[in-house]
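In what follows, a structure is listed as C-alpha cells, so that the remarks can point back to it.
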Amino acid sequence: MIDQIFNSENGDRLVELILPFLGKLILGLVILFFGRILIRWIGRILQRYICKNMDATLAPFMVRISTVGLNILLIISVLSTIGVETTSFAALIGSVGVAFGFAMSGSLQNIASALIILTFKPFVVGDTIKVNDIEGKVKEIKIFNTTIQLHNKTFAFIPNNILTTNEIINYSIDEIRRGTINIGIGYGEDIKKAKDVILKTIESLDFVLSDPAPKIGVSELGDSAVNFKIFVYVKRQDYLNVVLNVYEPIKIALDKNGIEMPFPQIDVHNKK
C-alpha cells in the first residue's frame, strides 16, 4: 500500500502540491524576517521622534501602539502570502476593534485629546490656564487627564477631552498681563483731581509697567459713587500684586488728598 502511495504518479502529484506551498512558506518567512527588522528600525525612529516631541508619559504608550499595529499588519501580510484567507481574520480584528472602541470610547477620546494637546500645544506644562471655572498652573499632561495646581495649592485632574472641547484661556502666552482695578469716589468730589491722584499713585508702584502705560476712565455713574475703571499692565509673575498691593496705596493717597470713597448709602428727602 505504501508503494501505491509513493508510486511515480502519486509522488509527482504530491510534489506538485507541496512545492508551491513550500515556496509560499519560504516567501512568508522571508517577509516575516525582514518585516521584523523593518519594524524594529521604524520603532527606533519613532522612539527618538516621539520622545523628542511628546510628553514623557505619553511617548512610550504611542511607540507601543505603533509597533503593535505594524506587527498586526505584518502577520496579516505573511498569512496572505502563505495562502491563508485573511478576509475573515481582518474582519474579526475589525469587529474586536469596534467593540473595544465602544467599551473604551471615553478613554479613547481622552487619549486622542492628549495627542491634540501635545501636538498643537494650546498650553504646556508650567502655563497658567483657565477652563470653565478652574484656574491654575498646568503641572502634568497625562494620557487620560491633565493635572492643574489651583491657586490655593490643591490639585484638579481634568479629563483631556474637556480641555479640547471647551474654551481655554492661557495667561502665560504673553509676558505681560493686564489687571483691572475698580475704584469709586463721591459725587461731590473733583473727578479730574481724583484721576490724577489715582494715576500718579499707580505709576509710582515698581511692579506697574510704564509701557503700556496705565489707563483710567469713568466707567459708571453708580447709585452711591462715580466709578473708575483702571487698567494696569504688569509682568505675568507680578499679577498677584494687582490684587493685593494696589488698593491700599490708592486709598491712602485719596484720603491724603481729601477725596472721599463713599460706602453704599441712600439719601431720603422728606417733602411736606
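Quick note: the coordinates plus some simple rules give every number you see, no bench work behind them. Because the structure is a prediction, the values reported are computed rather than measured. Every residue, glycine among them, receives a Cβ derived from its backbone with ideal geometry; neighbour counts consider all protein chains shown.
Rounded if a/c is under 1.5, else prolate if a/b beats b/c, else oblate: with a ≥ b ≥ c from the C-alpha gyration tensor eigenvalues square-rooted, which is the stretch 117-170? Rounded.
Take each peptide in 201-211, 231-241, 109-119, count the other Cβ atoms within 10 Å of every residue, and average; sorted highest first, the result is 109-119, 231-241, 201-211. Ellipsoid semi-axes for the stretch 176-256, based on the Cα gyration tensor and the rule √(5λ), read 22, 12, 11 Å when sorted largest first. Summary of packing: across the peptides 135-145, 23-33, the per-residue average of other C-beta atoms within 10 Å ranks them, highest first, as 135-145, 23-33.
For the stretch 176-256, averaging the sequence separation of C-alpha pairs within contact (under 8 Å, six or more residues apart) and dividing by the residue count gives a relative contact order of 43 percent. In this structure, the residue pairs whose Cα-Cα separation is over 29 Å, taken from 121/235; 215/256; 121/229; 121/153; 139/229, are 121/229; 139/229.
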